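These notes are about the structure you will find just below.
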Amino acid sequence: MQQQDFAGHKTVWKICRYANDEAFKRGEPYDISEFEGNLLLNEGITALQNLLIGAADASFGNANTYIGVGDSSATTAASQTGLQAVTNKAYEAMEATYPQISSQTTTWRAIFESADANYAWREFTIVNASTDAGDNLNRKVSAQGTKASGQTWTVDVSLTWS
């Protein structure tokens, strides 16, 4: 029997929804959802390969990585270069201590404050720039409700590598 090599990943997205800034400060979400899966995008895979061999590319570290959310429900394809929404899309920088690594899991976190991304959340990405002009690591389509003005939502993305 021939042995085959396999590398994989599992992605878990977590959104914590807070009614207002005070609830966020107290750490009291009114709702939490978790959902799995994503598609690594070709440009994100290329960026990872460049980083592995020391070629020039921006990392997915704290200084330049953002989580993006948009309202497009277009089917995900590996050739996409980011969020598919035309106008309703926003990018938030990493929380101060993120990304974090624990064993084989990398976790990114961004906070979307009361005035940010107030529309239906249907698509998600991790990008190494403040727009889709960077390399988008992945894209996930999942209807997660509509964020209203005054609410604060956080997004955690955990990739477990195997």
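Odds and ends about this structure:
- Screening the candidates I32, I45 for the property of being open to solvent by 40 Å² or more (accessible area, probe 1.4 Å), farther than 19 Å from Y98 by Cα and part of a strand (DSSP E or B) yields one hit, I32.
- Set E123, E95: member being of a type outside the set (G, A, S), in contact with a Lys or Arg (Cβ under 9 Å, 6 or more places away or on another chain), touching a residue at least 12 places away in the same chain (Cβ under 8 Å) and farther than 19 Å from D21 by Cβ: E123
- Qualifying residues in segment 109-131 (those that are acidic (D, E) and open to solvent by 30 Å² or more (accessible area, probe 1.4 Å)) - the one farthest from T97 (Cα to Cα): D116
- Selection within segment 126-162 - in a strand (DSSP E or B), at pLDDT 95 or above, among the hydrophobic types (A, V, I, L, M, F, W, C) and farther than 14 Å from Y18 by Cβ: I126, V127, L137, V141, V157, L159
- Residue-level check: of (1) part of a loop (DSSP other than H, G, I, E, B); (2) closer than 12 Å to F60 by Cα; (3) open to solvent by less than 40 Å² (accessible area, probe 1.4 Å), A85 misses just (2).
- Counting only residues that are in a strand (DSSP E or B) and either of a type in the set (D, E) or open to solvent by 10 Å² or more (accessible area, probe 1.4 Å) (or both), segment 63-77 holds 1 of them.
- Residue in segment 88-118 that is nearest to P29 (Cα to Cα), counting only those that are among the polar types (S, T, N, Q) and in a loop (DSSP other than H, G, I, E, B): S114
The values are calculated or read from the model by the stated rules, or taken from the named source; none is laboratory data. In this text the structure is predicted, and so the values were computed from the model without any measurement. Cβ atoms come from the backbone with ideal geometry, glycine included; neighbour counts cover every protein chain shown. Calculation scope for accessible area: heavy atoms of the full protein, side chains included, ligands and nucleic acids excluded. Shrake-Rupley method; radii C 1.70, N 1.55, O 1.52, S 1.80 Å.
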